[in-house]
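K.L.:
Sharing a structure, written as structure tokens. Questions coming.
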Amino acid sequence: MVNATKGVFISCDVPMAQYIINMNASLPASDKFIIHVLDSTHMFVQPHVELMIRSQIAKFREDNTYVKPT
């Protein structure tokens with residue numbers, strides 16, 4: 001019997017993958033969204049969290065971008 005799960009494939013660099021894994025780990029067990037970590041740069045997540053992951057990454061990048069003072 002084959003079990004199929006719908007999800008979103010994520011490919012990123014190692015630090016961003018660790019950030020996503022840390023986001024997942026900080027949630028309660030009922031809200032965890034990672035279905036399977038394939039390797040250090042690829043993972044499979046539940047489809048309903050795609051926008052949340054994108055927005056958290058955008059916020060993280062914005063918070064960690066250096067802007068030279070004028």
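K.L.:
Restricted to the range 25-37, and to residues that are of a type in the set (A, V, I, L, M, F, W, C) and surrounded by 12 or more Cβ atoms within 10 Å (Cβ to Cβ), which residue is farthest from Gly7 (Cα to Cα)?
P.N.:
So, considering only residues that are of a type in the set (A, V, I, L, M, F, W, C) and surrounded by 12 or more Cβ atoms within 10 Å (Cβ to Cβ), the one farthest from Gly7 (Cα to Cα) is Leu27.
K.L.:
Would you mind listing the strands (runs of 3 or more DSSP E) fully within the range 1-45 where at least 2 residues are more than 20 Å from Phe60 (Cα to Cα) and among the hydrophobic types (A, V, I, L, M, F, W, C)?
P.N.:
Counting at least 2 such residues, we get 8-11, 34-39.
K.L.:
Kindly list, by first and then second residue, each pair from a residue in the range 54-66 that is surrounded by 10 or more Cβ atoms within 10 Å (Cβ to Cβ) to a residue that is aromatic (Phe, Trp, Tyr), limited to pairs with Cβ atoms under 9 Å and residues at least 6 apart or on different chains.
P.N.:
Gln56/Tyr19; Ile57/Tyr19; Phe60/Tyr19
K.L.:
Another question, if that's okay. Pairs please, first residue from the range 2-18 and over 12 Å from Val37 (Cβ atoms) and in contact (Cβ under 8 Å) with a residue 12 or more places away in the chain, second anywhere and of a type in the set (D, E, K, R) and surrounded by 10 or more Cβ atoms within 10 Å (Cβ to Cβ), Cβ atoms under 6 Å, 6+ apart in sequence or on different chains.
P.N.:
From residues that are over 12 Å from Val37 (Cβ atoms) and in contact (Cβ under 8 Å) with a residue 12 or more places away in the chain, the pairs are Val8/Glu50.
None of the figures in this text is laboratory data; all of them are computed from the coordinates on show. In this text, all values refer to a predicted model and were calculated from it rather than measured experimentally. Glycine gets a Cβ as well: all are built from the backbone with ideal geometry, and neighbour counts include every protein chain shown.
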